[in-house]
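Below: the structure, in C-alpha cells.
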Amino acid sequence: MRIPPYYKQPAWQRFLAGAAVGGCISWLIFLFMFGTLQERNSALIEKQALQIKELRGYIKIWQEDYQKLNKKNEEMLTIQKIDVKIAGFERYRITDRQSIFEAEEEVKEDLKSLIAKDLTVAYNNKEIIKKTVENKSFEINGKTYRLEVKELYFYTTVALVAEIKLAD
C-alpha cells in the first residue's frame, strides 16, 4: 500500500502550509501571552514579598511594644479581691454553714489591708499572711478551732484555701 501523492494537488499543499503557518503563529501568540502573564505574576509576587517583609517588621515592632506594656501593667497589678475557702469542716461534723461563713468573713476582714496593695508586696509578705491566718482561732459550737493554710494564690484576687483543725 502506498501513500497517495498529495504533493501534486495544490489544495492539499495550501492546507498543510496554512496549518503549519497557523501552528507557528498560534505558538508565538501563546508564548507572548504566557510570557506576559508570567511577567505580571512575578511582579505581583515580588511586590507582595516586599509587603510581607515590611509588615513583618511592623509586627515585630508592635509585639515588642505590646510586651513592654504587658510588663509595665504586670508591675502595676494590685489586689482587687480576697477569696477565702475553709475545707475539712466535715471531718469535725460541723453542719453549721453559717459559722463557717462567719469564719471566712473574719479571715477576709483580717486580710482586708491587702486590698489595693501591689501584687509583689503581697507576694513578698506571704509568710506573714499565712501566720496571720494560722494564728487566728474560732469558736464554733463550743469548740475552739484554728486554720492551717493549704493553698495561697496571688493575682488580682488573693485565693486562700485553709483547712480547719481542732485547737490544742
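The values are calculated or read from the model by the stated rules, or taken from the named source; none is laboratory data. Here the structure is a predicted model, which is why all the values come from computation and not from measurement. Here Cβ is always computed from backbone atoms with ideal geometry, including for glycine, and neighbour counts include all displayed protein chains. To get the accessible areas, we keep the full protein, side chains included, count just its heavy atoms, and leave off ligands, DNA and RNA. Shrake-Rupley method; radii C 1.70, N 1.55, O 1.52, S 1.80 Å.
Details
- Residue ID - nearest to Ile100 (Cα to Cα), chosen from residues in the range 136-168 that are modelled with pLDDT under 90 and not in a strand (DSSP E or B): Asn141
- Among residues of the range 155-168, those that are open to solvent by less than 40 Å² (accessible area, probe 1.4 Å), touching a Phe, Trp or Tyr at 6+ places or on another chain (Cβ under 9 Å) and farther than 9 Å from Ile86 by Cβ, counted: 3
- Subset of the range 72-105 (residues that are among the aromatic types (Phe, Trp, Tyr) and farther than 14 Å from Arg146 by Cβ): Phe101
- Within the range 39-66, tally of residues that are open to solvent by 100 Å² or more (accessible area, probe 1.4 Å) and of a type in the set (Val, Ile, Thr): 1
- Test result for Lys108, basic (Lys, Arg) and more than 21 Å from the chain's Cα centre (by Cα): yes
- Selection of helices (runs of 4 or more DSSP H) fully inside the range 67-135 by the criterion of at least 3 residues being under 14 Å from Thr156 (Cβ atoms) and open to solvent by less than 100 Å² (accessible area, probe 1.4 Å) returns 119-124.
- Among residues of the range 71-96 that are in contact (Cβ under 8 Å) with a residue 60 or more places away in the chain and under 21 Å from Ile140 (Cβ atoms), none has a beta-carbon under 8 Å from a residue that is of a type in the set (Val, Ile, Thr) and open to solvent by 100 Å² or more (accessible area, probe 1.4 Å) at least six positions away or on a different chain.
- Residue within the range 24-38 that is free of Cβ contacts under 8 Å to residues at least 60 places away in the same chain, closer than 30 Å to Ile164 by Cα and open to solvent by less than 90 Å² (accessible area, probe 1.4 Å) present: no
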